[in-house]
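**Q** Mind having a look at this structure? Questions to follow.
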Amino acid sequence: MNPRPASSMIEVITPIWRRVLQRPSAGVEDNFFEAGGDAPLARELFAEIAQACGRDLPRVLICQAPTLAALAALLEQPTSPRLSPLVLLRAGAEKPPVFMAHGIGGDMMDFSRLAQHLPAPHTIYGMQAKGMDGLDEPLQSVEDMAEFYLDAIRKIQACGPYFLIGYSLGGLVMLEIAQRLWERGENVGLLAMLETYPDMRYLPPGQRMRLMARRARRRVSEVRQLPVREALSRIIPNRFRTSANRRGNEDRQPPGGLSFAEAAEQVREKAELALAIYRPRFYRGKIKFVRAGTPSYFPDDPAAVWAHLAAGFEVETVPGDHVGIVATHFESLAAVLTRYVEESVRQEMSPR
C-alpha cells in the first residue's frame with residue numbers, strides 16, 4: 001500500500017485521532033497525552049494509521065510528535081523517521097533528570113503512565129532501543145547498549161549525580177551504565193532495578209532448579225490451552241521463527257527500512273541474545289531493587305541473586321506480576337520510585 005499524498009494527511013488522521021481518543025473535535029495543536037492518550041491508545045492510533053496510510057510506524061513516535069500537526073508532518077516524510085535514543089516522557093523543573101530503560105521487546109510508551117504518576121518534579125527521559133525505527137542494526141550486547149545510551153545521556157547531563165531506573169533487561173543496562181560512571185569517577189545518585197535478573201545460567205543453583213521446574217509447569221499448562229498452530233509456534237525456538245519470518249518479509253520491506261513490526265521483532269531477538277551472554281560484575285554502589293509481589297518466570301528471592309554483586313542492596317515489593325507492576329499497578333510502583341528519587345535528592349544535598 002502506498003502512502004497517502006502529503007496534502008491530505010491531516011484530513012486522514014484527524015478522524016482517527018478523534019475516534020481513538022473519543023473526542024468530538026480535535027485541533028491541529030491538540031496534545032495526545034493531554035487529551036487522555038496513553039500507551040494502549042497510542043498502539044490503537046498507530047494501528048489505524050497503518051491501515052489508512054500504509055505506514056507501519058512505532059507508537060513511541062507520538063512522544064516526538066504529540067500533536068495532530070506534528071504527527072501529520074511526520075507522516076508526510078517519504079521515509080521512516082529516525083528515533084532518538086532518548087525520548088522525553090515528561091518535562092520537569094528540577095534537576096537532575098531521571099533516566100528510565102525498558103525491558104526486552106518493549107518501548108518507552110510502556111512507561112508513559114508510570115512517568116505521569118511520578119510526582120517528583122524532575123524531567124523524565126526514556127531510553128529507546130537502537131533499531132526500533134527499522135533504520136539501524138539493533139545492538140546485541142548489554143555492554144554495547146550501555147555505551148550507546150551513556151553517550152546520549154552525557155549530551156543531556158554532563159556530570160552527576162545520575163538517577164537511573166531500569167526495568168527487566170533495562171535494569172542490566174542501567175547497571176552497566178552505573179559501572180561505567182563509577183569507573184569515570186562520576187556520582188550515581190540512584191540505581192533502581194525493577195524485576196531485573198540475569199540469564200538463568202548465572203542464578204544460584206537452587207534458584208535455577210526451582211525456576212526451571214516452575215517455567216516447565218507453566219509452559220505445559222499454557223501450551224495445552226492453545227490451538228495446534230499456536231502451540232507449535234511456542235515450541236519452535238524464537239531465533240528460528242524470527243529468522244524465517246524475516247526471510248519471508250524481505251520482499252515487503254518499505255524503502256525507508258524495516259516496518260515497525262519487523263524492526264521490533266529484530267530488536268527483541270538481539271535483546272534476548274544480549275541477556276543470554278551478559279554476566280554481571282560486582283557493583284561498588286547501592287542497588288534499590290523492586291520485585292513483583294506475584295512470582296512468574298523469575299526468582300522468588302532477588303537478594304540471593306544480587307546481594308553478593310553489590311556493595312549495598314535493598315529490596316521492596318509492589319503489587320502485580322512481572323508485567324503488571326508497570327502495565328497495571330503503575331501507581332504503586334510510581335509511589336516507590338518517587339520516594340527513591342526524593343531520598344536520593346536529600347542525600348545529595350546533605351553535607352558529606
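**Q** Using a Förster radius of 41 Å, what is the FRET efficiency between Glu331 and Arg210 based on their Cβ-Cβ separation? Nearest 0.05, please.
**A** In this case the efficiency is close to 0.85.
**Q** Radius of gyration and Dmax for segment 93-152's Cα atoms, expressed in Å?
**A** Computed over the Cα atoms of segment 93-152, radius of gyration and Dmax are 12.9, 36 Å.
**Q** Something else about it: When ranked by the protection proxy of mean other Cβ atoms within 10 Å per residue, highest first, what sequence do the peptides 121-133, 311-323 form?
**A** 121-133, 311-323
**Q** List the residues, sorted by chain then number, that are 5 or more residues from Val315 or on another chain and whose placed amide H is less than 5 Å from its amide H.
**A** It is Phe289, by chain and number.
**Q** Set the Förster radius R0 to 22 Å, insert the Cβ-Cβ distance between Phe282 and Asp144 as r into 1/(1 + (r/R0)^6), and round the FRET efficiency to 0.05.
**A** The value I calculate is 0.60.
**Q** If you count the DSSP beta bridges with both ends in segment 62-166, what percent of them are antiparallel, to the nearest 5?
**A** Bridges in segment 62-166 that DSSP calls antiparallel: roughly 30 percent.
**Q** What are the residues whose amide H is under 5 Å from the amide H of Leu194, where those residues sit 5 or more places off or on another chain and H is modelled from the backbone?
**A** It is Gly166, Tyr167, Ser168, Gly171, Val290, by chain and number.
**Q** Carbon-plus-sulfur fraction of the accessible area of segment 108-210, 1.4 Å probe, in percent?
**A** 49 percent
**Q** Continuing with the same structure: Quick one: which residues, 5 or more positions from Arg90 or on another chain, have an amide H under 5 Å from its amide H? H modelled 1.01 Å from N in the peptide plane, none for Pro or chain starts.
**A** Ile124
**Q** At 7 Å along the Cα-to-beta-carbon direction for both Val28 and Glu316, put a label point, then send me their distance in nm to one decimal.
**A** About 4.5 nm, to one decimal.
**Q** Where does the charge balance sit around Gly105 when Lys and Arg score +1, Asp and Glu -1, over other residues with C-beta under 10 Å from its C-beta?
**A** -4
**Q** Right, next: How do the peptides 82-92, 148-158 rank, highest first, by the average count of neighbouring beta carbon atoms within 10 Å per residue?
**A** Peptide ranking by packing, descending: 82-92, 148-158.
**Q** Length gain on complete extension for the stretch Thr338 to Asp301, per 0.36 nm per residue less the alpha carbon to alpha carbon distance?
**A** Between Thr338 and Asp301, full extension yields an extra 11.0 nm.
**Q** Moving on. So what are the three principal axis dimensions of segment 99-197 from its Cα atoms, in whole Å, longest to shortest?
**A** Principal axes ranked by extent give 34, 32, 27 Å for the Cα atoms.
**Q** Which ³J(HN,Hα) values, rounded to whole Hz and listed in residue order, are derived for segment 16-22 from phi using the Karplus coefficients 6.51, -1.76 and 1.60 in 6.51 cos²θ - 1.76 cosθ + 1.60 with θ = phi - 60°, glycine and proline given as x?
**A** With coefficients 6.51, -1.76 and 1.60, one gets 5, 4, 5, 5, 5, 8, 6 Hz.
**Q** Any idea of the accessible area per residue across segment 32-148, 1.4 Å probe, to the nearest Å²?
**A** Result: 36 Å² per residue.
**Q** Let me ask you something else. In whole Å, what three semi-axes, largest first, describe the equivalent ellipsoid of segment 1-142 built from its Cα gyration tensor (square root of 5 times each eigenvalue)?
**A** 25, 20, 12
**Q** Now for a separate question. So for the pair Tyr202, His308, with labels modelled 7 Å out along Cα→Cβ, what separation do we get in nm?
**A** Label at Tyr202, label at His308, 1.4 nm between them.
The values are calculated or read from the model by the stated rules, or taken from the named source; none is laboratory data. Everything numeric here is computed off the predicted structure, so don't read it as measured data. Heads up, the Cβs are rebuilt from the backbone with ideal geometry, glycines too, and the neighbour counts pull from every protein chain shown. Heads up: the accessible areas ignore ligands, DNA and RNA and are worked out on the full protein's heavy atoms, side chains in. Shrake-Rupley method; radii C 1.70, N 1.55, O 1.52, S 1.80 Å.
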